[in-house]
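Coordinate-derived values only; no laboratory data. Quick caveat, the model's predicted, so the values are computed rather than measured. Backbone-built Cβ (ideal geometry, glycine too); neighbour counts: all protein chains shown.
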Amino acid sequence: MGTRREFLGTIAAGGIALYASPSLAGGYEEMELAPKSRMGVASTAMSMHLNGLGVATPMREDPVRYIEYLRSLGAGGVQHAIRTDLPRVRAKLEELGMFYEGEAALPYHPDDDLAGFEQSMLQARELGAHCVRAVSRQPPGGNRRYETFATLEDYRAWEAQANAVIEKVMPIVDRIGVGLALENHKDRTAEEHVAVLSRYSSEHLGALIDPGNNMSLMEDAAETVGKLGPYAMACSMKDMGVAPYADGFLLSEVPFGTGINDQKALFQTMRDHNPRINLVEEIITRDPLEIPVLTESYWRTLPGMDAGRLARTLAGVRARAQALPVVTGLSPQQKLQAEEDNNRQTLAWAVAQFGAA
């Protein structure tokens, strides 16, 4: 096994040393190159490195450098939107034996121009992707159902529009032949997600299953995976830690094996339905999310939720509460190091659970 210096070569001059904490200064690049896992990394798990935080060259500017960096941590694949230098990127993926999954931005409205979406699907195909991650876009500034919509009527109007977008893009998806993996993105419950996917018989539409997302809708991760499993096309695996707070509970991505969900069992359920599905992690390094289940506004867009589900959720939180990571107050360099440490630890977990690739 070589060292990071030998693997990264000239990349070290581009800022890798900036990602080392003071305790690693001077010896960081001599650390042993991590074994390649069978797990890929979602772009959201590397948002700090992709953007640079003002202290390092953004890795978004050089996708080949980004791929090499992920491999140095132990990644076996990449889930990312890559729009430039496609032949060079494809060659690097093949050289390193890494799989690729793309990302495509769905239009917000069914009458919007579809050219950008089509181009992203073509680019994903050129890079060898069998599918792309996609999210039904909420209104500008919106990201979570219970924060974005003031009434159930508002949510249902958005839902109808978002579902119409899926119908509008599916002829493009089928023609290009790259799968559209629609994520459960704190928008639809698992049952609502199934209702959309079950409308189509196309082999090119499926679910990107995120076991952690619907925990914010008080779904157990195994429940979410069980319902969406028959539609599994891609995944964003994340182990979750929880803790109570005044208005409900806190939810936080934590390194695999330290949270409350059995990641190996969840992924096995997906693989039982789709043996070709790639293992991809999405550990986002950030402060815990507040899930305000004890506020009136949280319930306005969630009909059918009952007090029993709330009681079970909060009882589970109290029983399995743990200290959660916080990045507020860290320097940019410390944040970059925390993000790397989280991904490195999670990729090492994959090697321990599934063996090296």
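Computed over the chain with a Gaussian network model linking Cα atoms closer than 10 Å, the most mobile of 297, 72, 43 is 297.
Over the chain, dividing the summed -39,500 (n - 2.57) contributions of all DSSP H runs of at least 4 residues by the number of residues returns a 222 nm mean residue ellipticity of -12000 deg cm²/dmol. Between residue 333 and residue 258, the C-beta separation translates, for a Förster distance of 30 Å, into a calculated FRET efficiency of about 0.80. Rounded to the nearest 20 debye, the dipole size of segment 145-267 about its Cα centre is 320 debye, using +1 on the Cβ of Lys and Arg and -1 on the Cβ of Asp and Glu. Looking at segment 37-354, the DSSP beta bridges with both ends there are about 30 percent antiparallel.
Straight-line cross-link partners of residue 36 among the aspartates and glutamates, defined as a Cα under 15 Å from its Cα and at least 8 positions apart when in the same chain: 68, 94, 95, 281.
With contacts taken as Cα pairs under 8 Å at a separation of at least 6 residues, segment 109-178 carries a relative contact order of 56 percent. Between 250, 267, 291, the Cα set farthest toward the positive side of the dipole of segment 205-357 (charges on each charged residue's Cβ, about the Cα centre) is that of 267. Per-residue extension of 0.36 nm, minus the Cα-Cα distance of residue 243 and residue 81, leaves a gain of 55.0 nm for this segment.
Applying the Karplus relation 6.51 cos²θ - 1.76 cosθ + 1.60 with θ = phi - 60° to segment 267-281 yields 3J(HN,Hα) values of 5, 4, 4, 5, 5, 4, 7, 9, x, 8, 5, 7, 7, 9, 9 Hz, where x marks Gly and Pro. Counting every other Cβ atom within 10 Å of each residue's Cβ, 93, 302 order from fewest to most as 302, 93. With R₀ fixed at 25 Å, the C-beta to C-beta distance from residue 202 to residue 222 puts the FRET efficiency at about 0.35. Measuring against 31 Å, Cα to Cα, the residue pairs 168/227; 186/335; 92/335; 92/186 contain 92/186 as the ones spanning a longer distance.
Among 155, 127, 206, pick out the residue whose Cα is farthest towards the positive end of the charge dipole of the chain, where Lys and Arg carry +1 and Asp and Glu carry -1 on C-beta, about the Cα centre. With unit charges placed on the Cβ atoms, the residue in question is 127.
When the chain is treated as a Gaussian network with alpha carbon springs shorter than 10 Å, the biggest mean-square fluctuation among 305, 39, 48 belongs to 305. Report, in whole Å, the centroid distance computed from the Cα atoms of segment 268-322 and segment 50-75. Going from one Cα centre to the other spans 30 Å. Using C-alpha pairs below 8 Å separated by at least 6 residues, the relative contact order for the chain is 19 percent. Find out how many positive minus negative residues lie around residue 273, taking Lys and Arg as positive, Asp and Glu as negative, among other residues whose Cβ is under 14 Å from that of residue 273. Net charge around residue 273: +1. In a Gaussian network model over the chain where Cα atoms closer than 10 Å are linked, find which of 212, 248, 179 has the largest mean-square fluctuation. Greatest mean-square fluctuation among the candidates belongs to 248.
If you plug the beta carbon distance of residue 111 and residue 309 into 1/(1 + (r/R0)^6) with R0 = 45 Å, you get a FRET efficiency near 0.75.
Amide hydrogen proximity for residue 100: with H placed 1.01 Å from N in the peptide plane, the residues at 5 or more positions away or on another chain lying under 5 Å are 78. Summarising the amide proton neighbourhood of residue 207: residues at separation of 5 or more, or on other chains, whose placed amide H is nearer than 5 Å comprise 182, 232, 233, 234.
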